[in-house]
1. State whether one or more residues within region 446-467 are in contact (Cβ under 8 Å) with a residue 40 or more places away in the chain and closer than 30 Å to residue 152 by Cα.
2. Consider residue 242 against the criteria (1) surrounded by 15 or more Cβ atoms within 10 Å (Cβ to Cβ); (2) assigned to a helix (DSSP H, G or I): it satisfies all of them except one. Which criterion is unmet?
3. Does residue 406 satisfy the condition of being in contact with a strand residue (DSSP E or B) (Cβ under 7 Å, 6 or more places away or on another chain) and either over 30 Å from residue 154 (Cα atoms) or in a loop (DSSP other than H, G, I, E, B) (or both)?
4. Looking only at region 464-483, count how many residues are assigned to a helix (DSSP H, G or I) and exposed (fewer than 11 other Cβ atoms within 10 Å of the Cβ).
5. When you go through 270, 300 one by one, which is the residue that is surrounded by fewer than 17 Cβ atoms within 10 Å (Cβ to Cβ), touching a helix residue (DSSP H, G or I) at 6+ places or on another chain (Cβ under 6 Å) and in the same structural domain as residue 153 (by TED's automatic domain parsing)?
6. Within region 514-532, track down each residue that is closer than 14 Å to residue 173 by Cβ and not in a loop (DSSP other than H, G, I, E, B).
7. Looking only at region 221-239, how many residues end up being more than 12 Å from residue 208 (Cα to Cα) and in contact with a helix residue (DSSP H, G or I) (Cβ under 8 Å, 6 or more places away or on another chain)?
8. Considering only region 673-700, state which residues are in contact with a strand residue (DSSP E or B) (Cβ under 9 Å, 6 or more places away or on another chain) and exposed (fewer than 14 other Cβ atoms within 10 Å of the Cβ).
């Protein structure tokens, strides 16, 4: 037993260890509890409101009950409501009051408890009656299996969103899977806004990758993750751990969380002993134990969800929540599912299948009442009707009703229909904003005040459009369709991916293979894993356009080729198109690229036959006629529906390709100007479904905009006098749209430039006379439109199969096409 130390020896030992060297932390200041940065911001906001109130009310006393009541009343009037209700909620007002009292206590002194309680009662009784404060919480929603499937289908099979990096798509789905299958809160895997700058979240070191033999003796991957759970900052040893696996029963590949996580880990070179997909898939683990896939030390210290470009930074929880909401809207949800909705559903299922102790550990709860008070459905899931009669209890009915807590309209409008847009632009409020914007435009270039005022007006204008769209979405019919062909073709959003999927081989394959029921080690599973790894490593979804590969550039200078590789995609395809076409025309007399076939056709006769092949199949002609650029690369040229439907014209004229948006629009406007408003007219497009007769030209313009993506801006908008119009107003509006796009959406820096495209076709053709090339096509095997079989009219309508001819070559290609 050690010798007992005297107090003198004890403190002498302390001095020897340095207790007297630096005493700067020892002072008479009170030590307050540590709070998160977000909480500190909320306290500062409340104190800032008090300072503003005190300036307007000299002599205001924060300890005077009457003063505090007036202060809280003014705060309640100033708080904006949410979910379409302009009135503030009672909980919001109480939270503002709580932030003020807590902040005042930290920076001054405690407000007497009886005063605090009196103001709290004042909010709950008098302010609730005066302002009609919403005192009922919104009912809990549940993210069921169907909602998970709808989000995955939208993201991989139908999505038109352009992310800054292809990896973001994989990351988004990996996060959704991880949250859904572990019932985590949004800030437990990604740095929360409440923990800004803390570096808290999921690291590779918090994940354990392994391979084991499952119940059938087959090799299977599994991953265990550790959650940085709420209220466990000081007890990290108690953080919940969750395992995800491939699954014993066959499911579609997009439901496999291990597949997505494995692709990310391989792309990040996370494993110490294995570097390729093939090596990992060939592992044969031992019986009755988990083979540990060890990570390299550098990667273990890396955040799982961080930016790919150096320096690596945490991806924020609010950014992911916004992306999830936008994905939900694109999937048809007016009120999209949140991570907490999926958490509630997960805890409900765990409560049904496991014990209360397991549910509490899974959810990271310390109080058993938390689940009953905050997560348990009001519909308890019981079937007393079945119990009364035959004892056959059913759960499907309650499960389906639980899914109805989130409503979805598969045809949800993503933009205002042309008629609604026209009605909005005719309102006095909207018209007044447009007039003032046009008046301020010349001054905004030099006057900062005018520029700021104009930006405010533009924001007001966007707000009016957003409010009108929200109102129309709520009133939009949601009738069950008898077949997919009955779907209303309104807008261009849902068809965009089908128009451009051929430009992205990896996404094209994933859109099909991810929905196959197959294990990872099957051919389909290997293909999906390989494509996901490729997406994680790509810089852009469209590296080049088929038919305009970089090798087709005939420039001989190596330095020029290197410079071409560094150019944005918008410049690259234009250069290759002009360079390669000039070479072919020089040797063959005539050459043109069919953008829908991605095939170069040589010779005018061959070009004419190629056009006829497409025109013989009117149901396969593109429905959306606008020039469409994706990721800076031209995906589809523009077409004229009037020319397509005019059988008296030559085939090349009917199938004319427009690469310049302004020229395409001017061409169509000339057709519309010749229409007689006194006669009923039909859509000129040869598509069989466009058979409706319109009573006026305006009605047909609405149809052209909603279905064929031909905006009639000048005619659909309110007519204004020439003195009110500002030159180039259309260009300014599009530039503003580019500036206002989300930071996640690719911003093409080339949009500010214009390029002159010099065409040598006519001059060279004149030199060669009527010479026709003896080579029918550049491609190794000619893809004639007649050889394409059609199995579904609805699919053809959105796939925009092969078509297009260009006999009127443009001299300027519009770099702004990307935002159509």
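1. Yes, some residue in region 446-467 is in contact (Cβ under 8 Å) with a residue 40 or more places away in the chain and closer than 30 Å to residue 152 by Cα.
2. Just one mismatch for residue 242, condition (2).
3. Spelling it out, residue 406 is indeed in contact with a strand residue (DSSP E or B) (Cβ under 7 Å, 6 or more places away or on another chain) and either over 30 Å from residue 154 (Cα atoms) or in a loop (DSSP other than H, G, I, E, B) (or both).
4. Result for region 464-483: 2.
5. 300
6. Once the filter is applied, which keeps residues that are closer than 14 Å to residue 173 by Cβ and not in a loop (DSSP other than H, G, I, E, B), region 514-532 yields 528, 529, 531, 532.
7. Number of matching residues: 5.
8. 680, 682, 691, 692, 693, 695
The values are calculated or read from the model by the stated rules, or taken from the named source; none is laboratory data. Every value quoted in this text rests on a predicted model; they were computed, and no experiment measured them. Don't worry about glycine lacking a Cβ; one is built from the backbone with ideal geometry, like all the others, and counts go over all protein chains shown.
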